[in-house]
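Below you'll find the structure, written out as structure tokens, and then a few comments.
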Amino acid sequence: MLPDGIEGLVRSSAQVADRLEHVVAHGRARPYPVLGLYLVAERAEKARSVAHDVCRRMLTGSPSLLADWEVVGAELPVTPSPDRWPEPGPLAPG
């Protein structure tokens with residue numbers, strides 16, 4: 001299980017240039033806990049690289065809390081930029 005407050009540790013490990021927008025923790029995911037880093041990046045490989053860098057900085061900056069942890073990989077679901085989102089339809093009556 002991930003330590004309490006892990007999202008704050010990730011945010012404090014990010015730099016402005018990393019363009020980190022949001023962090024979410026899925027501590028019970030299997031086979032490994034998952035940290036979701038929502039980044040703004042021009043390319044998928046750049047986002048993956050930045051996510052690795054942020055997580056490595058977090059591990060280095062919190063050795064007593066995260067001594068047994070390591071980054072095992074980075075995967076990313078890719079979403080279209082907002083200018084490619086479909087137009088919203090009419091709201092259904094409530």
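Worth a mention:
- Breaking point among (1) in contact with a Lys or Arg (Cβ under 6 Å, 6 or more places away or on another chain); (2) modelled with pLDDT under 85, for E75: (1)
- Residue under evaluation R43, criteria (1) surrounded by fewer than 12 Cβ atoms within 10 Å (Cβ to Cβ); (2) at pLDDT 90 or above, criterion not met: (2)
The values are calculated or read from the model by the stated rules, or taken from the named source; none is laboratory data. Computed from a prediction, not measured in an experiment: that's the story for all the values here. All Cβ positions, even for glycine, are placed from backbone atoms using ideal geometry, and neighbour counts span all protein chains on display.
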